[in-house]
Every structure is written in structure tokens, then in C-alpha cells.
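Taking it in order: structure first as C-alpha cells, then the write-up.
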Amino acid sequence: MDAVNRRRFMQAVGPASLIPALPGAMLGQMAAVAGPKVIDEVVPSSPEANAKPKYSIKFAVIGVDHNHILSITSAVQRGGGQLVSVFSKNPQYPKALADFQARFSGVKVARSEDEILNDPEIQLVCGAPIPDQRAELGIRVMRHGKDYLADKPGIITLEQLAEVRKVIKETGRIYAILFSERLEVKAAVKAGELVKAGAIGKVVQTVNLAPHQVNAPSRPDWFWDPARYGGILCDIGSHQVDQFVYYTGSTVADVSASQVANVRYSDHPKFQDFGDIMLHGNGGAGYVRVDWFTPGGVGVWGDGRLFILGTEGYIELRKYADIAGRKGGNHLLLVDQKVQRYIDCNNVYLPFGPQFVGDIVNRTHVAQDQDQALLATELVLKAQKSAKTLTFTT
């Protein structure tokens, strides 16, 4: 076959028809060039999602100043909690109580805090009062022989933390904090399962990016005052540091560095709209960035991301949005030594509610490790106290 005819033959049959004739080593090289295998998965629905709760308790709510109390109450109900009553510590905000009553129709409004604390049938009190009131409320609850579930931040000073630890030891009660960005986010729950199964080897570092939207007109006066909410690292940073402690498995940890700033809100000079923390623990390292700069174009309150680096791979969570184009939230991406995986986590079962109700009945700490929760709190309080304040002049 002359050169012209050979060229015409190659053009006619194309390169694909010659692949079976290639040596195995060359096929392997071509596969490497083409890239690793990519797997798309959807977590199947769990039968546990429709199962009747194993345990039942009676609980009440004191303090509805943050609307997180709606999801906190729903989580306890999913676990078998029977809502008995609610009391608003700040009646000057009647809309908050009205919203709670609308969500949980028929709930009794207690006449006072003492009515709830002195009710012997109530085993648990959930609370989302203004943050600077949460620890004191929890201490009163525990001293009345009940367990406590607080919105985050559950504690805003180191002095409060020391008193909480003292009363836990004295009473044997549970002081829980609902870090919902791990405990009530399906992709975060799945990430915990994968980490514990060794899917990425030993965890080396977590990186949390946690932007939030301000929605200034909807915010009460206390929102702008760090003395009331604890500061940005104490407040929204508590979610992220909880994740560092949990995913690294650290039982001892400290703050390497921290900083805060008020970049945009000159009309609220004490407010902090940016902050970050570097952490180190006996299970790994961590970095956290929190801010109030989520742009409206994202379409959700925050494009939260979590990166978990392991010795054999890594995990990325796109919790609430994926600007790359996938709809909704709860996106998990995992890369190991063999494959790339995308996992749709929207069917993941959320175990916190049933586990927490079980903890109250059985005096265990399955839903949330008490020491880990208080370690995460201690770290954000230290970070907030020692943070360098940044200023930007240009």
C-alpha cells in the first residue's frame, strides 16, 4: 500500500478502530491521560426516616429570640419529644412568639419561666434567647434537674463556660448546643460516616468557609453588639470549630491565631463582619473563615463549604448551594487514590433528634459528646478574646 492509500485508509477507519491492536501498556497510558474514573451516586432513602421514635420525653421552650428555635424544636419532636409549653423571655418582641405559635399550633404559653422549671414532667428545656442570656438560663435549667439544649452560641464568655462546667459536674445534667451546620446538614452527616469509615485515611486538616447574609432590616438591635452575641468568631464561628473538633477527633486543641474586622458597617462600629481562626489539635489542624458578605446572586443565605483533607484523599462539601450548576444543596465530593465520587446527600437520615432524646432517657452522649461540645466552645471563646482587630484604609 503506497503512502497516499495508507493515509486514505487511516482517515476512513479512524483511530478508534485500532485500539484493540494496541499493547496493554499503551492502553494503560491512554487511560491515565483520559483521567480517573468518576462515579455519581445518590444516597438512598433510609427506612429510619419513617420509623417511630424509640423513646419519648416531654420538653418545653424558653426564649424564642432567634428563629433557630423553630428547627431546634422540630429536631426534638422528630426524636420523640412532646412539646408541652413555651415562654418568651423578651415579650417586647411579640412577633417571635407569634411565629413560634404559628409553627407549633396549640402549644401552651407559660405564664413564667418558673412555671416551666418547676414542672416535674418536663425533662428538657430548649432555648434561643439573646446569646448573652443562654448560659445563665442553662445553669438555672440544670439546677432544676432538667437537661438543656441551646442554640449556638450556647456560651459567650470564658467565665460562663467555667460556671457551666461546674454545674454539669454538680448536677449530672446535659448541656447541649445545637451546632446545626454539622448535626442538621445531611452532607455533613454523610461526611462524618465516610471519615469514620476511613474513606480518606487519617484526617490532616479541616477548612471551613462560612459566609452569611446580613439582611440588615430584619435584625434586632442586639445583633449588632458583640457584648450581646459574643462576636463573630464566638457566634457563627462556633459551628465551624465544632466541625474541626468532630472531624479531626481532637480531644485537646488550641488556637494558633485569630483575627476580626468590621469592613462594611461603619454605622455599627462595634459589629464584626469578618473573622478567621487557625487551630491545632491532637487529631489534626483547622482553618475557619466566617463573614457577612454573601452576595444576593447566590440565592441562599450562605455558600458554606467544608474541605476535609486526609492522608488518602479529601472530601469537599457544598452544603447549601453549588455555583458550578447542580441544584439545591447537600453536595459531597470525594477523591481517593482510585476514583472521584459525587454523592447527592439529600436522602441522608438526620439522627440527632432520636439520638438526643435517647441520651436524655439513657443518660448517654451519643448525639453530641459533652466534652467535644464544650471544647469547641472554649476554642471560639479563646479565639474571640485574643483576636487581632484588622483595619483597612484603602
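The values are calculated or read from the model by the stated rules, or taken from the named source; none is laboratory data. Just so it is clear, the model here is predicted, and its values are computed rather than measured. Here the Cβ is made from the backbone with ideal geometry for all residues, glycine too, and neighbour counts use every protein chain on show.
Here are some notes:
- Here ASP359 does not fit the description of being touching a residue at least 12 places away in the same chain (Cβ under 8 Å), in contact with a Phe, Trp or Tyr (Cβ under 7 Å, 6 or more places away or on another chain) and among the acidic types (Asp, Glu).
- Answer from THR157, THR171 - the residue that is polar (S, T, N, Q), more than 21 Å from VAL290 (Cα to Cα) and either at pLDDT 95 or above or not assigned by TED's automatic domain parsing to the domain that holds LEU233 (or both): THR171
- Helices (runs of 4 or more DSSP H) lying entirely in the stretch 170-281 (those with 3 or more residues that are under 30 Å from ARG140 (Cβ atoms) and among the polar types (S, T, N, Q)): 237-248
- Residue, surrounded by the most Cβ atoms within 10 Å (Cβ to Cβ), within the stretch 110-130, restricted to residues that are touching a strand residue (DSSP E or B) at 6+ places or on another chain (Cβ under 6 Å) and β-branched (Val, Ile, Thr): VAL125
- So PRO129, is it over 25 Å from the mean Cα position of the chain (by Cα), in the same structural domain as LEU70 (by TED's automatic domain parsing) and not charged (D, E, K, R): no
- LYS89 fulfils the conditions (1) surrounded by 11 or more Cβ atoms within 10 Å (Cβ to Cβ); (2) part of a helix (DSSP H, G or I); (3) modelled with pLDDT under 95 except for a single criterion, (2).
- Of residues in the stretch 204-250 being polar (S, T, N, Q) and within 16 Å of HIS68 (Cα to Cα), the one modelled with the highest pLDDT: SER238
- Inter-residue pairs, beta-carbon under 8 Å, first hydroxyl-bearing (Ser, Thr, Tyr) and in the stretch 368-389, second assigned to a helix (DSSP H, G or I), 6+ apart: THR377/LEU161; THR377/SER238
- For the stretch 56-78, the candidate set comprises residues that are surrounded by 21 or more Cβ atoms within 10 Å (Cβ to Cβ), of a type outside the set (A, V, I, L, M) and touching a Gly at 6+ places or on another chain (Cβ under 6 Å); within that set, the residue that is nearest to ASP147 (Cα to Cα) is PHE59.
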